[in-house]
Amino acid sequence: MAKASDVRNGNILRFNGELIQVEEFIHRTPGNLRAFYQARMRNVKTGKLVEYRFRTDEEVDIARVETNDYQYLYEDGDQLVIMDNTTYDQHNVPKSLFGPAVKFLKEGMNLIVAFESEEPIMGQIPGSAELEITYTEPAVKGDTSSGALKKATVETGAEINVPLFINIGDKVKVDTTNGTYVERVKG
C-alpha cells in the first residue's frame, strides 16, 4: 500500500474494487483546514468519471500495470489474438478494450495493451490507419460540388464517408478515433 502523496497523474489505482486511472491529482491546503488531495479519475472499464478527496496520509492501492507493444494477428469471436513483439507470446484480449476504433484493425497492425496482473485492462490502436477501399459508388461525371461525400467500405468492413473522387482500390488514411477520412494515400 502507498500513501495518497505517492500518487501521480496517469497512475492506475484499485479504488472501491474497480480500476481507475488518475487524470488530475491536486494538493489543496484550504485556509486553516487540513490539507487534502483532490482527484479526478476515470474508470478503466466503464469510462465513468470519479471525483474523490484523499486525506494526505490515506492509504491507496496503486496497481502494477505493464504496457507493451503487440501485433494484431486475427479476430476470434469477441476476442482479438495479439502477439508480444519481443517474446512472441500470444494473448487473447476482449475487442471491447479498443472501443469503436476496433473496426479499423488490420492484421499485422501494432497496438498497445496494458495488463494488470495478467488481465488486459486497456487497449489503444494507432491514431490513423491506411486502408484500401473495397466498395464505393462510382462518382457521377460532372458532379464537382466541393466537400460532397459518399459512403465507402474499407478492407476491414467498416463504412466511412469519403470525397467523390475516391474509387475502389484506392488507399485512404482514416482517423481511427472518430472514423473520418483524412487523405488519399499515393502509392
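Distances between placed amide hydrogens fall under 5 Å for residue 50 paired with 41, 42, 43, all partners being 5 or more residues away or on another chain. Of 26, 112, 160, 82, the sequence from fewest to most neighbouring Cβ atoms within 10 angstrom is 26, 112, 160, 82. Within segment 114-185, list the trypsin sites (Lys or Arg not before Pro) lying in a DSSP loop whose Cβ has at most 16 other Cβ atoms in a 10 Å radius. Listed in order of number, the matching sites are 141. If the segment from residue 165 to residue 52 were pulled out straight at 0.36 nm per residue, it would be longer than the present Cα-Cα gap by 35.5 nm. Compared with the direct C-alpha span, the chain from residue 89 to residue 115 gains 8.0 nm at full extension, assuming 0.36 nm per residue. The phi torsions of segment 117-127, fed into the Karplus equation with coefficients 6.51, -1.76 and 1.60 and a -60° offset, translate into couplings of 6, 6, 9, x, 10, 9, x, 9, 9, x, x Hz, rounded to whole numbers, with Gly and Pro shown as x.
All alpha carbon pair distances within segment 52-187 were sorted into 10 Å bins beginning at 0; the resulting P(r) in whole percents reads 11, 34, 25, 16, 9, 4, 1, 0.
Run through segment 71-106 and list the chymotrypsin sites (Phe, Trp or Tyr not before Pro) located in a DSSP loop whose Cβ has at most 15 other Cβ atoms within 10 Å. Listed in order of number, the matching sites are 88. The C-alpha radius of gyration of segment 2-62, expressed as a fraction of 2.2 N^0.38 Å, stands at 1.09. Compute the Cα gyration tensor for segment 4-131, then decide on rounded, prolate or oblate, letting a ≥ b ≥ c be the square roots of its eigenvalues: rounded whenever a/c is under 1.5, prolate when a/b is larger than b/c in the other cases, and oblate in all that remain. Here segment 4-131 falls in the prolate category. Extension gain for residue 18 to residue 69 (0.36 nm times residue separation, less C-alpha to C-alpha distance): 15.9 nm. Sparse packing (at most 12 other Cβ atoms within 10 Å of the Cβ) combined with a DSSP loop state is found for the following GluC sites (Glu not before Pro) in segment 36-124: 107, 118.
Note on segment 128-185: Cα convex hull, mean projected area over all directions, 3.6 nm².
Between residue 1 and residue 135, the simple spin-label model (points 7 angstrom out along Cα→Cβ) gives 5.9 nm. Consider all pairwise Cα distances in segment 66-124 and report the whole-number % of them above 17 Å. Counting pairs separated by more than 17 Å, the tail of P(r) holds 25 percent. Model label points for residue 42 and residue 107, set 7 angstrom from Cα along the Cα-to-Cβ axis, are 3.2 nm apart.
Based on the Cβ-Cβ distance from residue 183 to residue 62, what FRET efficiency comes out when R0 is 41 Å, to the nearest 0.05? Don't skip to the answer; put the middle values down first.
Numbers: r = 42 Å, r/R0 = 1.02.
Efficiency, from the Cβ-Cβ distance: 0.50.
Throughout, read-outs are computed from the coordinates displayed, never taken from laboratory work. On a predicted model such as this, the values are computed, not experimentally measured, just so you know. Cβ coordinates were reconstructed from backbone atoms using ideal geometry, including for glycine residues, and neighbour counts include every protein chain displayed.
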